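Please read the structure below before turning to the comments.
Nothing in this text is a laboratory measurement; each read-out follows from the coordinates by a stated rule. Treat the numbers as computed from the prediction; the structure is a model and nothing was measured. Backbone-built Cβ (ideal geometry, glycine too); neighbour counts: all protein chains shown.
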Amino acid sequence: MVGKKLNRQARVPGSADIFIIGLSGPSGTGKSTVARRVASRLNGHVISMETYALEMNHLPLEERASLDYDAPNATDVRLLENHIRNYALGNAIETPIYDFAKHLRVSDRREHIPATSLLIVEGILALHFAQVRRFFDLSIYLEAPDEVCFHRRKVRDITERQRSLDFILWQYKNNVSPATRQYVLPSKRYADLVLESNADLPALEKSVYDAIEERRAPAITQ
């Protein structure tokens, strides 16, 4: 059951009526996949907080790779907040493009995202930042056993981000797991809905879709 509605920033008069969802949970819980599938069904868009890592292009590759991208201070929160606010007002945004294989923000390109009636903000720290949470009409937290999360992350990092198994193990032990305990798990208390994500993908997708439609329905009918 979906919990109580969170307080949210008052709309600017004449602004677009856009429904915004925060989707959080540890790395490997399926946030990105579910967000994309649900947004596609609802004619919405997704922004991934991973692409909002602070720009560290001036550092050599070895130093960039060793940074802790799971800690809150690695996120460009000002830019993220600004983009969510602009989208909520019905404006298109130009989100960063991130090269995960090289650990850098692409400097000469952005992704153009036109505003529609729905936006999903997904990331391990989506519910951590108060200045971001205030925009959410619905906050969802996904969870799964650690072994499931690690396996999913390992497969993703090898197939999509060209990372070695040694680096994946090092990063998970030194950055991912500590950040999960210190920042991600505590943010669960801000969720309206907590879902187990080790079920099959269609069932999880349906649960997220139904929760959004249930919460969005009163706003649509008003």
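Positive end of the charge dipole of the range 19-217 (Lys, Arg +1 and Asp, Glu -1 on Cβ, about the Cα centre): tell me which of I168, A35, Q182 has its Cα farthest that way.
Toward the positive end, the furthest listed residue is A35.
Identify which of D108, D68, D137 has the largest mean-square fluctuation in a Gaussian network model of the chain, with springs joining Cα atoms closer than 10 Å.
D108
Residue farthest toward the positive end of the dipole of the chain, with Cβ of Lys/Arg at +1 and Asp/Glu at -1: which of A199, V121, A217?
Result: A217.
So if I average 1/r over every pair of distinct C-alpha atoms in the range 95-222 and take the inverse, what Kirkwood radius in Å does that give? Write out the running numbers ahead of the final one.
Working: mean 1/r = 0.0585 Å⁻¹.
Computed over the range 95-222, the radius equals 17.1 Å.
Mind listing the long-range amide H neighbours of H45? Cut-off is under 5 Å, sequence gap 5 or more, other chains count too, H placed in the peptide plane at 1.01 Å from N.
L118, L119, I120
Between the alpha-carbon centers of the range 64-86 and the range 95-128, tell me the distance in whole angstrom.
10 Å
Quick one: compute the contact order of the chain, relative version, from alpha carbon pairs under 8 angstrom and 6+ residues apart, as a percent.
Numbers: 368 pairs, mean separation 75.5, N = 222.
Averaging sequence separation for qualifying contacts and normalising by length gives 34 percent for the chain.
Below 13 angstrom from the Cβ of N198, what's the summed charge of the other residues (Lys, Arg +1; Asp, Glu -1)?
Working: positive: R152; negative: E143, D146, E147, E196, D200.
Here the count lands on -4.
To the nearest 20 debye, what is the magnitude of the charge dipole of the chain about its Cα centre, counting +1 on the Cβ of each Lys and Arg and -1 on the Cβ of each Asp and Glu?
440 debye
Would you check the range 19-217 for Lys pairs whose C-alpha atoms are within less than 25 Å, ignoring same-chain pairs closer than 8 in sequence, and give me the count?
Close lysine pairs under the 25 Å cut-off: 11.
From the phi of every residue in the range 164-171, what ³J(HN,Hα) in whole Hz does the Karplus formula 6.51 cos²θ - 1.76 cosθ + 1.60 yield, where θ is phi - 60° and glycine or proline is x?
With the stated coefficients, the range 164-171 comes to 7, 5, 4, 5, 4, 5, 4, 5 Hz.
Per the Debye formula with a single identical scatterer at each Cα and no solvent contribution, what log10 I(q)/I(0) holds for the chain at q = 0.11, 0.14 Å⁻¹?
Rounded to two decimals, the profile gives -0.53, -0.87.
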